[in-house]
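Participant: What follows is a single structure, and I will ask about it in a moment.
The values are calculated or read from the model by the stated rules, or taken from the named source; none is laboratory data. For clarity, every value in this text was computed on a predicted model and none was experimentally measured. Quick reminder, even Gly has a Cβ in these numbers, built from the backbone with ideal geometry, and neighbours come from all protein chains shown.
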């Protein structure tokens, strides 16, 4: 039975990953700021929680020393717009936090470090299909912090032999997102709020088309990459693709699975401008051919599958 530690393990991707690892017989520890009462019912008693601030070196050191993980899944991050408003906090959580986890992994012999990165590491004027080695010139603090973290991981691999691997996610659809957890959070919130019987307002154009990955595909990709033979890897950082959907298609899918869903449109040109100029990265197709070839990456969820599954999870209390 392997030992794994998940940073941000109480978050959207982290808790789904924890479920997968627990079901696989792993000894799972979660590093997060939330109290145990905030963990999902099906994880309480099956994981060990370390209430830890990633930016606090002493706390990180203590948690990793105690947990003794063989694999660290570093999923925690400060999302935009929070890290765009407060650059110091974005740097502290996303860069210092990654450094702290890598250094703790080195000191306590964690052999493997799996990192959750993002296509926001790419910039503007992107080709229609973006290769994994395309130049990274991110227009945001969030993307910049993720590039820095990728490079830290590669440095620790070259210098100390830590088995660093990373995936770059698109916008993730899943439960538990709140306003402030990414500019594209509305794409999850419209489904969740309507599934809970609440109205929701969308502020971007119906024609705005983004690329997504469903949370369960995101979580399984991390575990799948961790379990892949190192000999099969052609790179250490992989793009992942999922599915494409316009705002109109997202609304139609939500209404299809939630009869009577109350969704209104109130166009906000400033919001639209941010999505068009700062998030071109989730409007283009990331080339995930290396992930498909090297370790068999294959997303399971389409837009319709994702909406259906998310509604079922929320209405059953699992979300």
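Participant: Restricting to segment 6-31, what's the tally of residues that are within 17 Å of residue 93 (Cβ to Cβ) and outside any helix (DSSP H, G or I)?
Facilitator: Number of matching residues: 8.
Participant: Continuing with the same structure: Given the structure, is residue 231 more than 23 Å from residue 19 (Cα to Cα) and out of contact with any helix residue (DSSP H, G or I) (no Cβ under 7 Å at 6 or more places or on another chain)? Lay out the reasoning, then the answer.
Facilitator: Numbers: more than 23 Å from residue 19 (Cα to Cα): yes; out of contact with any helix residue (DSSP H, G or I) (no Cβ under 7 Å at 6 or more places or on another chain): yes.
It is true that residue 231 is more than 23 Å from residue 19 (Cα to Cα) and out of contact with any helix residue (DSSP H, G or I) (no Cβ under 7 Å at 6 or more places or on another chain).
Participant: Can you pull out the residues in segment 69-86 that are touching a strand residue (DSSP E or B) at 6+ places or on another chain (Cβ under 6 Å) and more than 14 Å from residue 96 (Cβ to Cβ)?
Facilitator: Applying the first criterion (touching a strand residue (DSSP E or B) at 6+ places or on another chain (Cβ under 6 Å)) to segment 69-86 yields 69-76, 79.
Correct list: 69, 70, 71, 72, 73, 75, 79.
Participant: Checking the condition under 19 Å from residue 227 (Cα atoms), surrounded by 20 or more Cβ atoms within 10 Å (Cβ to Cβ), in contact with a strand residue (DSSP E or B) (Cβ under 9 Å, 6 or more places away or on another chain) and assigned by TED's automatic domain parsing to the domain that holds residue 102, which residue from 13, 47 passes?
Facilitator: Exactly one of 13, 47 is under 19 Å from residue 227 (Cα atoms), surrounded by 20 or more Cβ atoms within 10 Å (Cβ to Cβ), in contact with a strand residue (DSSP E or B) (Cβ under 9 Å, 6 or more places away or on another chain) and assigned by TED's automatic domain parsing to the domain that holds residue 102, namely 13.
Participant: Here's a follow-up. Listed residues 73, 91; which is at pLDDT 95 or above, touching a helix residue (DSSP H, G or I) at 6+ places or on another chain (Cβ under 8 Å) and buried (at least 19 other Cβ atoms within 10 Å of the Cβ)?
Facilitator: Testing whether each residue is at pLDDT 95 or above, touching a helix residue (DSSP H, G or I) at 6+ places or on another chain (Cβ under 8 Å) and buried (at least 19 other Cβ atoms within 10 Å of the Cβ) leaves just 73.
Participant: Additional query: Given segment 196-312, what helices (runs of 4 or more DSSP H) lie entirely inside it while holding 2 or more residues that are closer than 30 Å to residue 27 by Cα and out of contact with any strand residue (DSSP E or B) (no Cβ under 7 Å at 6 or more places or on another chain)?
Facilitator: 215-227, 289-295
Participant: Now for a separate question. Could you please tell me which pairs satisfy a Cβ distance under 8 Å, a separation of 6+ or placement on different chains, a first residue in segment 76-89 that is assigned to a helix (DSSP H, G or I), and a second residue that is at pLDDT below 95 and surrounded by fewer than 18 Cβ atoms within 10 Å (Cβ to Cβ)?
Facilitator: Qualifying pairs under 8 Å: 82/180; 89/82.
Participant: Okay, moving on. Given 122, 108, which one is in contact (Cβ under 8 Å) with a residue 12 or more places away in the chain, touching a strand residue (DSSP E or B) at 6+ places or on another chain (Cβ under 9 Å) and farther than 18 Å from residue 20 by Cβ? Walk me through it before giving the result.
Facilitator: Numbers: 108 fails: touching a strand residue (DSSP E or B) at 6+ places or on another chain (Cβ under 9 Å).
Testing whether each residue is in contact (Cβ under 8 Å) with a residue 12 or more places away in the chain, touching a strand residue (DSSP E or B) at 6+ places or on another chain (Cβ under 9 Å) and farther than 18 Å from residue 20 by Cβ leaves just 122.
Participant: Got a sec? Which of 245, 228, 219 is at pLDDT 95 or above and surrounded by fewer than 19 Cβ atoms within 10 Å (Cβ to Cβ)?
Facilitator: Result: 228 is the single residue among 245, 228, 219 that is at pLDDT 95 or above and surrounded by fewer than 19 Cβ atoms within 10 Å (Cβ to Cβ).
Participant: Condition test on residue 43, is it free of Cβ contacts under 8 Å to residues at least 60 places away in the same chain, part of a strand (DSSP E or B) and more than 25 Å from residue 291 (Cα to Cα)?
Facilitator: Working: free of Cβ contacts under 8 Å to residues at least 60 places away in the same chain: yes; part of a strand (DSSP E or B): no; more than 25 Å from residue 291 (Cα to Cα): yes.
Taking the combined requirement at face value, the residue does not satisfy it.
Participant: Within segment 100-107, is even one residue crowded, with 21+ Cβ neighbours inside 10 Å, modelled with pLDDT of 95 or more, on the phi < 0 side of the Ramachandran plot and more than 21 Å from the chain's Cα centre (by Cα)?
Facilitator: So far as segment 100-107 goes, yes, one or more of its residues are crowded, with 21+ Cβ neighbours inside 10 Å, modelled with pLDDT of 95 or more, on the phi < 0 side of the Ramachandran plot and more than 21 Å from the chain's Cα centre (by Cα).
Participant: Taking the condition of being within 23 Å of residue 121 (Cβ to Cβ) and surrounded by fewer than 17 Cβ atoms within 10 Å (Cβ to Cβ), how many residues in segment 161-202 meet it?
Facilitator: 1
Participant: Could you check residue 318 against (1) over 18 Å from the mean Cα position of the chain (by Cα); (2) part of a loop (DSSP other than H, G, I, E, B); (3) farther than 18 Å from residue 175 by Cα and say which number it fails?
Facilitator: (3)
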